[in-house]
Amino acid sequence: MNGENELIPQQTIKARIEARNRILADLAEIARLRSDIQQIAELNAEFYGPICDRTHERHYNSSACRQVVDFAFWWALIESGGLCNSLTSAAQNELYKKFEQLAPEFTEEEIIGYAQNFATLYGNNIEQTVKEVFAKFINCHYNGSGRVHNKRDNCQKLELQFRVSWTSLHWEVYGRWRFDSWNRQGNLEDLYTACLLLDAKPRADYAHTLSAKWTEQGANDIVTCEYFTAKSFKNGNTKITWNRDKSLILTLINSIGTGGGLPEPLRKKYKPEHFQQKEAALNEGKNDRINPRRDLF
């Protein structure tokens, strides 16, 4: 049959082999490029994503890929700058989702705006974190004897000793104690974070979290830190006893939680030098075109 009259022109064996070879070559190039992307991400964005998989899932749509890449670089900058260190677990999760859904472009102007607002954001977040923690532990529920399950403690302020139910440290139905840092009404990790921040100390890295302390101390019904001791019971209650040597921190939590502000001497401690240096370097010769974002977070 003449090729001009064919509905579907037939390719020669040679053309098919060439097409097959081009596909294999292109696939090899894709694999090489994905490896390059992964290495760049690991060095610069700590490989959040992971970028390769998330861009592939979006069929390499240019707008969607820009969002994935910028989110990875922004989140690496946010974490390296310590902004998350002043947030509760729930607030961290909210910020993560916000940036994941709509990350600004990762540009010099945006980074300059971030650096200029860092100290203010950090101080404001400390106050917000303390207020959130205070709200979780004020007027809190605990289980009484028998079938009484709606008693309350800390009716006016956080006391030196109080009881609260449904905390991070609880007894599981599987017959063991568990420390859960997320999604608990009485989040003990957040309480510990608030104490550290008000004590002008950095938020604990994973190896020094309250959860890590609990594991080191035997992973049972009690955990102790420099600010308080938490002892849990199988009825769902946790008794928190404050270290009297740290009563000033408790006073600050009560003061800020009821509307007071972060003391100015404490606020001034949160001005990370490396961000000031980054800002100065980016600012050199560019002061006439800086328009920092005030609504970045």
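The values are calculated or read from the model by the stated rules, or taken from the named source; none is laboratory data. No experiment lies behind these values; they were computed from the predicted model shown. So basically every Cβ, Gly included, is an ideal-geometry build from the backbone, and we count neighbours across all protein chains shown. The area values use the complete protein model at the heavy-atom level, side chains included, leaving out ligands, DNA and RNA. Shrake-Rupley method; radii C 1.70, N 1.55, O 1.52, S 1.80 Å.
For this structure, a couple of remarks:
- Only one of 240, 249, 290, 253 that is open to solvent by less than 60 Å² (accessible area, probe 1.4 Å) and at pLDDT below 50: 290
- Subset tally (residues that are touching a strand residue (DSSP E or B) at 6+ places or on another chain (Cβ under 6 Å) and of a type outside the set (S, T, N, Q)) for region 214-234: 8
- The condition (being assigned to a helix (DSSP H, G or I) and open to solvent by less than 20 Å² (accessible area, probe 1.4 Å)) is satisfied by just one residue among 103, 76: 76.
- Residue list for region 189-209, restricted to those being under 10 Å from residue 85 (Cα atoms) and polar (S, T, N, Q): 193
- Unmet criterion (only one of (1) open to solvent by 40 Å² or more (accessible area, probe 1.4 Å); (2) over 30 Å from residue 109 (Cβ atoms)) for residue 19: (1)
- Going through (1) surrounded by fewer than 19 Cβ atoms within 10 Å (Cβ to Cβ); (2) of a type outside the set (A, V, I, L, M); (3) touching a residue at least 24 places away in the same chain (Cβ under 8 Å) one by one, residue 67 falls short only on (1).
- For region 49-73, the set of residues classified as assigned to a loop (DSSP other than H, G, I, E, B) and more than 30 Å from residue 189 (Cβ to Cβ) consists of 58, 59, 60, 61, listed by residue number.
- Close Cβ contacts (under 9 Å, 6 or more residues apart or on different chains) running from residues in region 232-258 that are among the charged types (D, E, K, R) to residues that are open to solvent by less than 10 Å² (accessible area, probe 1.4 Å) and not in a helix (DSSP H, G or I) comprise 239/162; 239/164; 239/230; 239/232; 246/227; 246/228.
Every residue, every condition in (1) within 18 Å of residue 198 (Cβ to Cβ); (2) within 25 Å of the chain's Cα centre (by Cα); (3) modelled with pLDDT of 90 or more, yes or no:
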site: 119; (1), (2), (3): yes, yes, no
site: 126; (1), (2), (3): yes, yes, no
site: 129; (1), (2), (3): yes, yes, no
site: 136; (1), (2), (3): yes, yes, yes
site: 139; (1), (2), (3): no, no, yes
site: 153; (1), (2), (3): no, no, yes
site: 161; (1), (2), (3): no, no, yes
site: 164; (1), (2), (3): no, no, yes
site: 167; (1), (2), (3): no, yes, yes
